[in-house]
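Okay, here's the structure, questions in a sec.
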Amino acid sequence: MSAFFDLLSELSDRHPKPANLRFQYGTAGFRTQAHILDSVLFRVGVLAGLRSKKLDGKTIGVMVTASHNPEQDNGVKLVDPRGDMLEAAWEVHATTFANAATTDDFVSAVESFVKSAKIDLSKPSRVVYGRDTRPSGPALVAALEDGFKAIGVEARDAGVTTTPILHYLVRAINTKGTKDSYGDDSEEGYLVKLTSAFKKLVAGKQAPPPLVVDCANGVGAEAISKFQTHLGNSIKLVPVNIETTKPGALNNACGADYVKTSQKLPASLVGHLQPGQRACSLDGDADRLMYFYLDERGQFHMLDGDKIAALVAAFIVELVKTAGLDGEIKLGVVQTAYANGASTKYLAERLPVRCVPTGVKHLHHAAERFDVGVYFEANGHGTVLFSQETREKLADHEPSTPAQSTALNHLRSLVQLINQTVGDAISDMLLVEAILTHKSYSGEEWDSLYVDLPNRLVKVVVGDRHAFQTEDAERRLVSPKGLQAKVDDLVRRYDGGRSFVRPSGTEDVVRVYAEATIRSQADELAFRVAGLVYDESGGDPSGRPKEFL
Ligand code: 16G
Ligand code: MG
């Protein structure tokens with residue numbers, strides 16, 4: 001026991017915590033400037049080892065990435081044995097570990113945690129870890145590995161890989177040799193599983209025109225080229241923004257987050273994308289997806305997570321009906337308050353829709369309550385979950401007509417094609433492509449399933465964002481007192497108006513969302529609500545942003 005803590009202490013000394021900094025394990029793990037993360041990585045290595053011991057040696061995942069953030073940032077998050085995100089209670093322990101001021105404080109934090117969580121240190125511990133293409137990755141991984149060494153973790157290095165592949169590996173390793181085996185526990189296993197399912201789904205159909213894939217100059221570029229090898233001529237991908245080693249290129253004027261927030265083409269495609277040509281963007285770790293195209297007049301149109309949810313949910317509803325399983329399989333969609341009102345209306349006409357607070361874990365857990373749960377955030381993160389019972393039903397069901405049999409086989413292929421551990425940009429992209437192929441839809445036809453309501457998102461810098469508390473899946477404010485009634489008053493004056501206010505979980509700001517039937521009205525509503533928020537926060541009126549009417 002004491003030898004254990006001696007080694008921990010010795011290794012911890014090599015990774016001192018910078019003074020006067022506070023770290024927080026948030027919705028996306030730890031994420032900040034890479035150069036201050038060394039101690040955090042070491043301590044996450046220790047925590048991952050302890051989590052595995054606590055779970056009897058099950059494999060835990062660790063992903064080193066800062067997703068769509070600028071290249072100088074980095075981050076780390078833990079993956080639980082089923083391939084989903086770290087159990088919320090442990091986020092607090094991660095934060096405690098990261099903030100221990102000295103080695104002594106850290107060692108005693110570990111000691112008391114081991115005692116209170118009743119962790120048997122003699123249990124084995126196993127971790128699989130990966131990183132994205134950031135230049136800060138290797139040094140941070142070395143700190144993480146010191147953390148593993150301190151705990152005696154049996155560690156497996158998955159190298160440079162996408163976040164969804166790492167999640168896949170975790171689940172595949174933990175289900176290996178069981179009846180729930182998720183697939184071969186290798187990158188090759190993942191590629192073969194997804195691409196063979198895609199090929200089955202589109203067999204006999206005419207391949208769609210080539211798809212331009214913006215890889216955000218990140219790890220998706222490497223994955224896309226491996227996918228293409230396995231996909232053969234079933235679909236032609238045209239990867240762009242694939243400069244993974246060019247300094248400063250990652251997520252710079254490209255990638256899913258850039259396209260979504262600036263509502264523009266990735267800069268490198270301006271003047272190159274042909275009208276009507278389908279294109280999509282991945283983010284820096286390939287777990288978000290955004291589609292877009294230019295119309296005949298060269299105008300930009302975006303197909304975001306809501307449009308993907310509509311396409312996917314409607315397709316699965318149809319397949320379940322055709323397969324003769326209507327009524328036997330309960331489908332549902334999960335969205336957040338940011339979902340465009342028009343998408344919610346389109347979906348609610350076809351299947352139950354639930355709204356939950358922002359953040360993947362809320363969507364994922366709500367989707368698990370359906371037999372088939374489709375969840376997407378407007379920002380392009382999402383997937384489809386098939387419950388165990390549904391997977392068994394699909395495997396055992398005996399179709400009575402050829403049409404039923406075809407639909408059933410398509411559903412079985414979807415179970416294989418869709419990464420059910422986490423949103424996966426490339427898996428989602430193949431899902432969208434398979435559906436477009438089946439429907440013979442162009443991007444424009446897909447876009448016309450429903451027309452987005454004009455909307456506007458505004459950030460307000462306030463003194464204390466924690467003063468803003470919400471209920472009803474973040475759609476209503478409970479504090480500051482009286483503010484919601486003022487928002488309601490404003491909203492009533494706008495045709496098709498909807499607006500809500502929530503504190504960001506990732507930035508020190510309050511976000512205001514508004515939509516209305518007409519563009520100018522959506523903008524005006526957003527800025528007027530933002531004005532209310534600004535006034536409420538006690539800000540100096542002279543600092544009130546000009547747009548706030
Ligand atoms: C994080 C969440 C994402 C959410 C976003 C909201 C995960 C893995 N990521 O990136 O789902 O949309 O935060 O950010 O949960 P906000 O709270 O700043 O609006
Ligand atoms: Mg990401």
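What follows is calculated from the coordinates using simple rules that are stated; it is not laboratory data. What you see is a predicted model; the values in this text were computed from it and never measured. Don't worry about glycine lacking a Cβ; one is built from the backbone with ideal geometry, like all the others, and counts go over all protein chains shown.
Distance cut-off 22 Å, Cα to Cα: go down the list K205/K439; K77/K361; K179/K393 and report the pairs above it.
Those over the limit do not exist; all pairs fall within it.
If you don't mind, another one. Determine the dipole magnitude for the range 6-51: charges of +1 sit on the beta-carbon of Lys and Arg, -1 on that of Asp and Glu, nothing else is charged, the reference point is the Cα centre, and the result goes in debye to the nearest 20.
280
Stokes-Einstein at 37 °C, 0.692 mPa s, Kirkwood radius from Cα pairs: D for the chain in µm² s⁻¹?
The calculation lands on 134 µm²/s.
Could I ask something else about it? Considering only L385, G423, T175, whose Cα is most displaced toward the positive end of the charge dipole of the chain, charges sitting on Cβ of Lys, Arg (+1) and Asp, Glu (-1)?
About the Cα centre, the residue reaching furthest to the positive side is L385.
Starting at the first residue of the range 447-460, write each ³J(HN,Hα) from the Karplus equation 6.51 cos²θ - 1.76 cosθ + 1.60 with θ = phi - 60°, in whole Hz, x for Gly and Pro.
4, 7, 4, 7, 9, 4, 6, x, 8, 8, 10, 10, 9, 10
I would also like to ask the following. For a label point 7 Å from the Cα of Q33 along Cα→C-beta, name the residues of the range 134-173 whose backbone N is under 16 Å from it.
Counting backbone N atoms under 16 Å from the label point, the list is 136.
What is the magnitude of the charge dipole of the range 179-314 about its Cα centre, with +1 placed on the Cβ of each Lys and Arg, -1 on the Cβ of each Asp and Glu, and no other charges, expressed in debye to the nearest 20?
520
Which value in nm describes the separation of the simple spin-label points at T178 and D535, placed 7 Å from the Cα toward the beta carbon?
Roughly 5.7 nm, to one decimal.
If you don't mind, another one. Can you say what percent of the DSSP beta bridges in the range 305-434, counting only those with both residues inside, are antiparallel? Round to 5.
40
In debye, nearest 20: dipole of the chain around its Cα centre with unit charges on the Cβ of K, R (+) and D, E (-)?
Charge dipole of the chain: 400 debye, to the nearest 20.
DSSP beta bridges in the range 2-160, what fraction antiparallel, as a percent rounded to 5?
Percent antiparallel among DSSP bridges in the range 2-160 is about 45.
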